[in-house]
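The structure under discussion appears below in the form of structure tokens.
The values are calculated or read from the model by the stated rules, or taken from the named source; none is laboratory data. Computed from a predicted model, the values in this text were never measured in an experiment. In this analysis, Cβ positions are derived from the backbone assuming ideal geometry, glycine residues included, and neighbour counts consider all displayed protein chains.
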Amino acid sequence: MARIETPRRVRGTQDIFGEEQRRFAHVLDTFERVRRLYCFQRVDLPVFEATEVFARSIGETTDVVSKEMYTFPDRGGDSLTLRPEFTAGIARAFLTEGWQQYAPLKLSTSGAVFRYERPQKGRYRQFHQIDAEILGAPEPAADVELLVMADQVLRELGIADGVTLQLNTLGDAETREAWRAGLVAHFEAHRGELSEDSLTRLDKNPMRILDSKDPRDRPIADAAPDIDAYLTHEARAFFDAVTAGLDAAGVAWTRNARLVRGLDYYRHTAFEFVTDRLGAQGTVLAGGRYDGLVESLGGAPTAGVGWAAGVERLSMLLEEPRVERPDVSIVAIGTRAEHAGVKIAAELRSGNTSCHMAYRGNMKRRLEIASKVEAAFAVIIGDDELDRNVAKVKNLRSGEQDEVQLFRLIDELWARLGERDFENFADWGKGRISFVGNGPVAE
Ligand code: ATP
Ligand code: MG
């Protein structure tokens, strides 16, 4: 018989499972909790958009648009692109849905984004971001709130210690014009030493050269003039207001005058939270102010500021998150007992108590499984127990076992589970899932 070949996972994609999944979920849960604390509304938007949504806003000459997008014609011939980031789609929705009426609007989202890049540790073709944006707020207070929020997300994940906030200003339009001219003059003087990519950038978007990773460009980029000499009074005042706000909130930052972002739409504030624990993929969270973005999509001038963080990179920095253990495992032997077990499990679960029940095996085997999933209690029932209207309840930590009458079994389990916290059970998860180690326990 011909062997059927197993399909491969597509390069740069991931099947997130086991411990990896627990890390991933912990990042998303933490973000969800923090975004509520900051009163950001959740939005969920399409995974693909008309290609122009990204091309016009992010900038044709950026790496993302020129090399990294998943763009394809659909069956109707329209050019669509899988979102490489969230901000452009949010700005598009702001316009198409008439969300101007809600401005200033604080939004958050999370999910998969797609970039055709060379896969490596911390770099995938389908990866995931958490994202926070404020539209319609030109005030520096919006930048500050977003940065404080980002800092809190990192602190609650327990990874803030190794991570520094690098902050820069890209100035206003007038500042950028003047700075751009200064940069062009500087780079023109070194034309012969620049990489081919940077020569193209020099004509189209000289600021991009500052961001170059090519070793030929680095010394020239490092010697380029800082924006500071070109800052208008307003741009300087804006930056000072942002840094004063961060200082007031107790968020540490360092100035990185070389920091420009990989997308074209930024104005004023630009920032990255960077760690040295992830090698070359050290940027875990990044963003800035994008006051020109909504206009580039044909809308009225609208202020915007936001950030996105890579869920995979945050996950890699986490301490191992604890395994979720079930509260109860039901060990039922025989058809009658199994039916009773199903009923008990349903009642426990309706009462917010996690419950595991094996599908097969004799009593010894099922008890082994109950221990393996590290349930707090096993409830043991067979014909003999049912005839006497009792169940055996075994504390799987201490090994103690007694009989409880069925009519008060649920209340009794809740009472005993309630005592966990006083009995050194603090490390027991408020389990919902009976997964241990790297996967579901074999039954
Ligand atoms: P990098 O310089 O690492 O390519 P970037 O500037 O392209 O990052 P952004 O567009 O700012 O990244 O995206 C925000 C965050 O998304 C990054 O800080 C990073 O944590 C994450 N990220 C970006 N690209 C990838 C990728 N290919 N795989 C996994 N995470 C990514
Ligand atoms: Mg990139």
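For region 106-125, indicate whether the set of residues that are assigned to a helix (DSSP H, G or I) and surrounded by 15 or more Cβ atoms within 10 Å (Cβ to Cβ) is non-empty.
No - not one qualifying residue is present in region 106-125.
Can you tell me which residue within region 83-114, out of those that are among the basic types (Lys, Arg) and within 24 Å of HIS26 (Cα to Cα), is farthest from ligand 1 (Cβ to nearest atom)?
Ranking the qualifying residues of region 83-114, first place goes to LYS106.
Counting just the residues of region 68-105 that are of a type in the set (Phe, Trp, Tyr) and closer than 10 Å to LEU135 by Cβ, which one comes out surrounded by the most Cβ atoms within 10 Å (Cβ to Cβ)?
PHE94
Looking only at region 66-82, which residues are within 13 Å of ligand 1 (Cβ to nearest atom) and either under 21 Å from GLY299 (Cα atoms) or in contact with a Leu (Cβ under 6 Å, 6 or more places away or on another chain) (or both)?
The one that is within 13 Å of ligand 1 (Cβ to nearest atom) and either under 21 Å from GLY299 (Cα atoms) or in contact with a Leu (Cβ under 6 Å, 6 or more places away or on another chain) (or both): TYR70.
Within the set of pairs 6 or more residues apart or between chains, which connect a residue that is more than 15 Å from THR353 (Cβ to Cβ) inside region 369-392 to a residue that is among the polar types (S, T, N, Q) and surrounded by fewer than 17 Cβ atoms within 10 Å (Cβ to Cβ) with Cβ atoms less than 7 Å apart?
Within 7 Å, the pairs are ASN389/GLN405; VAL390/GLN405; LYS392/GLN401.
Looking only at region 126-164, how many residues end up being within 13 Å of ligand 1 (Cβ to nearest atom) and in a helix (DSSP H, G or I)?
Looking only at that region, the number is 3.
Which ones in region 195-242 are touching a residue at least 60 places away in the same chain (Cβ under 8 Å) and surrounded by 19 or more Cβ atoms within 10 Å (Cβ to Cβ)?
ARG201, ARG208, LEU231, ALA235, PHE238, PHE239, VAL242
Return yes when ILE16 is more than 16 Å from ligand 1 (Cβ to nearest atom), aliphatic (A, V, I, L, M) and surrounded by fewer than 20 Cβ atoms within 10 Å (Cβ to Cβ) and no when it is not.
So ILE16 does not fit the description; no.
If a residue counts only when it is buried (at least 18 other Cβ atoms within 10 Å of the Cβ), among the β-branched types (Val, Ile, Thr) and touching a Phe, Trp or Tyr at 6+ places or on another chain (Cβ under 7 Å), which strands (runs of 3 or more DSSP E) contained entirely in region 291-409 have at least 3 such residues?
Result: empty, no element qualifies.
Here is a yes/no grid of residues against (1) at pLDDT below 95; (2) away from ligand 1 (no atom under 16 Å from the Cβ); (3) more than 17 Å from the chain's Cα centre (by Cα):
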| site | (1), (2), (3) |
| --- | --- |
| GLY282 | yes, no, no |
| SER296 | yes, yes, yes |
| THR302 | no, yes, yes |
| GLU324 | yes, yes, yes |
| ASP327 | no, yes, yes |
| ALA337 | no, yes, yes |
| ALA340 | no, yes, yes |
| ILE344 | no, yes, yes |
| LEU348 | no, yes, yes |
